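The values are calculated or read from the model by the stated rules, or taken from the named source; none is laboratory data. Quick caveat: nothing in here was measured; it's all calculated off a predicted structure. Cβ sites come from the backbone with ideal geometry, for glycine too, and all protein chains shown count toward neighbours. Side chains included, ligands, DNA and RNA excluded: accessible areas come from the protein's heavy atoms. Shrake-Rupley method; radii C 1.70, N 1.55, O 1.52, S 1.80 Å.
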Amino acid sequence: MLDEPRSGRFAAWANALLTGRVSPDDAASGVVGADASHRVSGLPGEEGPVSPAVALARLRGMGVRALRVALPVPGDPLGLCGPPEFNAAALEAGEAVLAPEAGIGLLPEVGPAEGRAGAAVRWRVSPVRSDLPPDVPSLGEAERELTELLRETAEGVARLGLPEAGRLARAEVDAYRARAEREAEGLAPGYPARAVRVLSPAATLERGYAVLRRPDGSVIRDASTV
């Protein structure tokens, strides 16, 4: 399964709060999730690290109406708006939260929690540009692209000569289609059903890739190499 980006969790629950769908306490709890603790450093108007509850209240007071998530990878800085220093740090982290209305972005730094189970997450606030990139796909575009990639993956696995893997991949496609009209689950309140339909194929593709992965991390490319 794909790991859940902390930036996605932060933005989802913050947006639920900003639209009045959850209480501040519920939003803060959703941000932390299974981690041991979260602290936010560098927020304008705050002298030191603050809790998620305080950070979310500060963002709302700054006029932020919605947060955005960026999940950049080398060669594809999709979702980032600069400056270059922030983009480089976000690329290294693999994720970021953007509040362009307030001109700030948040980057997570994850470490162990002393004497407690789970991770300690520190969010570092940095300035970002207020203009969002124009090439971020819509939910509809993302859903269409992922559905097509899922179909191509199922066909590719079947062509490898691994019947069981092919049946598994095709079953995943059928299951995805059967879930198409389900209500959004696992997201903070306020997200449409299409949002969960966009998340589902990404996890499905990861499971399909796991079918082809050997214990040493290499990938099976035909049945003769199993």
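A few points about this structure:
- Relative protection proxy for 51-60, 78-87, from highest mean packing down: 51-60, 78-87 (other beta-carbon atoms within 10 angstrom).
- Once the 1.4 Å probe is applied to the protein heavy atoms, region 1-157 comes out at 51 Å² accessible per residue.
- Spatial separation of Cα centroids for region 65-113 and region 1-41, in angstrom: 16
- Distance (nanometres) between label positions extended 7 Å along Cα→Cβ at residue 47 and residue 101: 2.9
- Computed Kirkwood radius, in angstrom, where 1/r is averaged over Cα pairs of region 1-159: 16.8
- Highest to lowest packing among 101-110, 142-151, scored as the average C-beta count within 10 Å: 101-110, 142-151
- Förster-model FRET efficiency, 45 Å R0, residue 62 and residue 152, C-beta, rounded to 0.05: 0.55
- Around residue 100: net Lys/Arg minus Asp/Glu count, Cβ-Cβ under 13 Å: +1
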